[in-house]
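I have placed the structure first, in the form of structure tokens, so that the comments after it can refer back to it.
The values are calculated or read from the model by the stated rules, or taken from the named source; none is laboratory data. Please read these numbers as outputs of a predicted model, since none were measured by experiment. Virtual Cβ from ideal backbone geometry, glycine too; neighbours counted across all protein chains shown. Only protein heavy atoms, including side chains, enter the accessible area calculation; ligands, DNA and RNA are left aside. Shrake-Rupley method; radii C 1.70, N 1.55, O 1.52, S 1.80 Å.
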Amino acid sequence: MRRGGLSAGAALAVLAFASGAWAQSDTPPPAPAAAEDGLTETAPVAAAPAPAAAAPAPAPAAGTISDALAAGHLLLEVRARSEFVDQTKTAVLRDNAEAYTVRTRIGWESTDWNGFKGLVEFEDVRHVGPEHFAVNVPGATTPPLNGADKAKYPLVNDPDITELNRAQITWTPNSAVTLVGGRQRILIDDQRFIGNVGWRQDEQTFDAVRADFTVGRLKATYAYVFHVNRIFGQALDWKSDSHLFNVTYAVAEPLRLEGFVYALDFSNSAANSTLTAGGRASGKVWAGLVQLTYDATFANQRDYRGATAPFSLNYYRADLAGTFDIVTLKGDYEVLQGNGTRGFTTPLATTHGFQGWSDAFAAVAGNKTHVDGIRDFNLTLTLKPRFKFKYLYNAEFLARYHDFHAERTGAALATEWDAQIQAAINPKLTAAIKYAGFRREPVVPAGTTLAPPSRTKVWFTLEYKL
């Protein structure tokens, strides 16, 4: 983990300036932070495209590369967060964790030059005040990465780091093809399998080449990933020889079909070398004044190339949500199989949005999984009230309940309550308060492995985006 770069003090100053500078603005408030940053729920189900409206006239392309660079725009984001963790105490883990961190991203994106665009972005994460938390791969038995003396604290995986976050060249030769090469962010659908772990302060990015194709209602993505820049710092990155393929066809608004194959091979993480293939159907329909959205997914995962042992495990998910006016109620049933030795895994996913915000199940092998598998039935209630105050609008209230059982044995493992309130303070600044309470069953039947220890987490986040 490299130190230096942008200071936490400067980042906090930017937050303070942003809060005041735009507080008096009459600009319409933005929607809450994008899903890629982990403050909001996953993106809505994509539907069949509507007939294209007349597009505004494109801005004239820059005459030279220098012109394209000079006419570009600044990328600036600052996210300050406090995180509190109270986890079941042991002889080693004796204290609660308290972490105060600031993440700053700054970069530049050029305008178009003959179909090419360039982007460079740096990222800095600093803790502010005492370092009363541990940084480590969940489930690791080695000392914390930020010092053996931190083993008495629960994990808060936001290490101090300064790094090149993104450096990419995008080429769009026509409306049907987009090619991206370099260090980049890759988000596929709801990030259940491929994402950027946006909830943590150090973003997961990919050194990769990517191609996106669009022909009418058909869309396809292929990416070759040769390095995974994980959230723990450079020393724990993965050397990759992985292929990502995803194709979707929007039949109509009520039906979107998807197929995917993710062939992951990591020379320095053989246990996570997996081949996952599956399909998904999703869409939305109206029942009177209620909008119904649904999602059904199946996938099979097996050992791939450098994997340590042969296995074959399945994944199932079905959810249904109904929205009436400002209220959405969603039921979700997700199953990750386990064989008693290992469970279905999603090594490149943004797992924070699945199996509970406490991330308790990440305590097994660095993935959110369980050796006996997981059956997760959860209910979510979301409210989006229409009130608008001078410094508080676009509010969203969310509450969710999880009931976890072992897939292989059927035994009850744990329950969890999650809740969040988030809102815009001004057009560029959002705030969120978030809670997760995970309670494991103290006793399980013989032949079932206990769930990870109970824990409670509370976060307060301020995020500014230029």
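Along its principal axes, the chain has C-alpha extents of 70, 52, 49 angstrom, given from the largest down. Residue separation of Trp286 and Leu383 scaled by 0.36 nm, minus their Cα-Cα distance, works out to 33.0 nm of gained length.
Placing R0 at 41 angstrom, the Cβ-Cβ distance between Tyr222 and Thr142 gives a FRET efficiency of 0.70 after rounding to 0.05.
For the chain, the solvent-accessible area of protein heavy atoms averages 44 Å² per residue (probe radius 1.4 Å; ligands and nucleic acids excluded). The 1.4 Å probe gives accessible areas that order Val225, Val120, largest first, as Val120, Val225. In terms of overall dimensions, the range 227-338 has a Cα radius of gyration and Dmax of 18.1, 55 angstrom.
Among the listed pairs Lys390/Lys434; Lys89/Lys150; Lys89/Lys152; Lys152/Lys368, give every one whose C-alpha distance is greater than 18 Å. Table pairs above 18 Å Cα-Cα are Lys390/Lys434; Lys152/Lys368.
Only helical runs count toward this figure. For the chain, summing -39,500 (n - 2.57) over DSSP H runs of n ≥ 4 and dividing by all residues gives -1500 deg cm²/dmol at 222 nm. Placing a label point 7 Å from the Cα of Val458 along the Cα-to-Cβ direction, the residues of the range 399-425 whose backbone N falls under 20 Å of that point are 399-401, 416-423. Seen from all directions on average, the range 235-280 presents a Cα convex hull projection of 4.0 nm². For the range 75-205, what class follows from the C-alpha gyration tensor (a ≥ b ≥ c being the square roots of its eigenvalues): rounded when a/c is under 1.5, otherwise prolate if a/b is larger than b/c, else oblate? Since a/c reaches 1.5 and a/b is larger than b/c, the shape of the range 75-205 is classed as prolate. In this structure, the amide hydrogen of Ser454, modeled 1.01 Å from its nitrogen in the peptide plane, lies closer than 5 angstrom to those of Thr88, Arg440, counting only residues at least 5 positions away or on a different chain.
Cα centroids of the range 172-241 and the range 396-466: 27 Å apart. Of the solvent-accessible surface of the chain, computed with a 1.4 Å probe over protein heavy atoms with every protein chain present, carbon and sulfur atoms account for 64 percent.
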